[in-house]
Amino acid sequence: MQKRFIESLEFPIGEVNQASSSEKGPGRPPFWEMVFWWTRKPLIGARAVIAASLLPEDVDAEKFKKMICLDKSSPHRNNPEIPPEWKEFFSGKKLLDPFAGFGNIPLEALRLGLSATAVELIPTACLFLKAVLEYPKKFGKELVEDVERWGNWITEKLKEDKDLKEIYDDDVAVYIGTWEIKCPWCKRWTPAIGNFWLARVKDSRKRYTRLAFMKPKLKGDEDAIDIVDLNKMHTDISGAKVNTKNREILIDGKTYKVPEANIASRKN
Ligand SMILES: C[S@@+](CC[C@H](N)C(=O)[O-])C[C@H]1O[C@@H](n2cnc3c(N)ncnc32)[C@H](O)[C@@H]1O
C-alpha cells in the first residue's frame, strides 16, 4: 500500500504542534466555552492528521500547509480549502470516532468533506455531538437565530426567579467560586484562593492595559474580598512595572502587593 503524507518526514509536525498549542490557549473555539470537557483535541491537529492520512506521501508540503490553513494566524477559525486536484483523496471517505467526546475529530472530518460517524457513551456528550456535528448543517443560519432567541428567553426567565435573585446581584460581571475552609479555632470561614490576580493584560507593545487583583479583608467577623482595580485608581497604567514573582506592582511611584495564594494545587 502506498505510504501516506502523515508518514513522510515532510509532514509539518512542528507547525501543527505550535498551532495546536495556541488553539488550546486563549484562542480556543468559542463552542468549547459552553461546557468543560476533558482532553479536547485541537481542531487543527485533528485536521492535519486526517488530511495527511488520506493524501499520498509525496504531496507538496507547502500546498498541504496552505490547504489546512497553517499560513493563517488561527487556522481552526478557517475552513480548509482543498485544491480541486486533491479532492479525489477526500470524497467518499468516512471517518469513525468511537470515543468522540465533543466531536472535534469528526468535526474536522466534515470540514474536509468526509462523512463522519461519532460514537459516545455519555448522554451529555451525545447531545453536544448533535449540536456540533448535525444541527448546524441541518438548520443553517436559522439555528443561530433560534439559539439567540431562546438563550435570551432563558436569561430573562432566570432574572424573574426570586430564588436566583437572592443569590446573584444585577451589577456583578463575574462570580469566582472557591472552596472555603473553616478555622477550627475561630470558626471563621476562609476562601481557599490559589491566585488573587483578576486581570494582568498587556497590549501588543507589552504595555499594561488592565490590572486588577483581589484583597481579603475582615468585615465585622467575616472574611470579605476587596477588588483593587488599578485602572480606576490611576489615569494611565501603561507604565506599570509588574514583578510576577514577588507579586509587586509599581505605578506612579506607588507599590501594590498582590496577596500570596493561601492554597497550592498539587503539582504531581
Ligand atoms: C478523551 S475523550 C475524547 C475527546 C474528543 N476526542 C474531543 O476532542 O472532544 C474520550 C471520550 O470517550 C468516551 N468513552 C469512554 N468509553 C467509551 C465507550 N465504551 N463507548 C463510547 N464512548 C466512550 C468518554 O465518555 C469520553 O467522552
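Computed from Cα positions, the angle between helix 43-54 and the longest principal axis of the chain comes to roughly 20 degrees.
Among the chymotrypsin sites (Phe, Trp or Tyr not before Pro) in segment 1-66, those placed in a DSSP loop whose Cβ has at most 13 other Cβ atoms within 10 Å are 36, 38. Approximating the spin labels as points 7 Å out from Cα along Cα→Cβ, the residue 229-to-residue 152 distance works out to 2.6 nm. The separation of segment 1-67 from segment 140-206, counted between C-alpha centres, amounts to 34 Å.
Of the GluC sites (Glu not before Pro) in segment 149-212, not one is in a loop by DSSP (not H, G, I, E or B) with at most 10 other beta carbons within 10 Å.
Please give the contour-minus-distance gain from residue 81 to residue 159: 0.36 nm per residue of separation, less the Cα-Cα distance, rounded to one decimal in nm. List each step's numbers first, then the result.
Values: separation 78, 0.36 × 78 = 28.08 nm, distance 4.43 nm.
Contour length minus Cα-Cα distance gives 23.7 nm.
Working from label points 7 Å from Cα in the Cα-to-Cβ sense, the residue 183 to residue 261 distance is 2.2 nm.
Going from the residue with the fewest nearby Cβ atoms within 10 Å to the one with the most, 50, 225, 44 rank 225, 50, 44.
Scaled against 2.2 N^0.38 Å for its residue count N, the alpha carbon radius of gyration of the chain is 1.34. One decimal place: the segment residue 7-residue 91 gains 28.1 nm when fully extended, by the rule 0.36 nm per residue minus the C-alpha distance. Counting beta carbons within 10 Å around each of 233, 214, 1, 67 and listing the fewest first gives the order 1, 233, 214, 67. Between 0 and 90 degrees, the angle of helix 13-23 with respect to the longest Cα principal axis of the chain falls at about 40 degrees. When the helices of the chain are scored as -39500 (n - 2.57) per DSSP H run of n ≥ 4 and the total is divided over every residue, the value at 222 nm lands at -8500 deg cm²/dmol.
Taking Cα atoms only, the orientation of helix 141-160 departs from the longest principal axis of the chain by about 20 degrees.
Fully extending the segment from residue 244 to residue 72 would add 58.7 nm, taking 0.36 nm per residue of separation and subtracting the current Cα-Cα distance. Counting every other Cβ atom within 10 Å of each residue's Cβ, 97, 71 order from fewest to most as 71, 97. Our coupling estimate for segment 181-198, obtained by passing each phi through the Karplus curve with A = 6.51, B = -1.76, C = 1.60 and θ = phi - 60°, is 10, 8, 6, x, 8, 8, 6, 7, 8, 10, x, 8, 10, x, 7, 8, 5, 10 Hz, Gly and Pro reported as x.
Each peptide among 83-90, 19-26 gets the average number of other Cβ atoms lying within 10 Å of its residues, and from highest to lowest they stand as 19-26, 83-90. By the rule of a C-alpha distance below 26 Å, with chain neighbours fewer than 8 residues away ignored, the lysines paired with residue 138 are 41, 87, 93, 94, 130. Amide H contacts of residue 95 (H built 1.01 Å from N, in plane; Pro and chain starts excluded): 115, 116, 117 sit under 5 Å, all sequence-distant by 5 or more or on other chains. Amide H to amide H distances under 5 Å link residue 210 with 201, where only residues 5 or more positions off or on other chains count and H is placed in the peptide plane.
Read the figures in this text as sums done on the coordinates, not as results from a lab. If you're wondering where the values come from, they're calculated on a predicted model, not measured in any experiment. Positions of Cβ are backbone-derived with ideal geometry, glycine not excepted, and every protein chain shown enters the neighbour counts.
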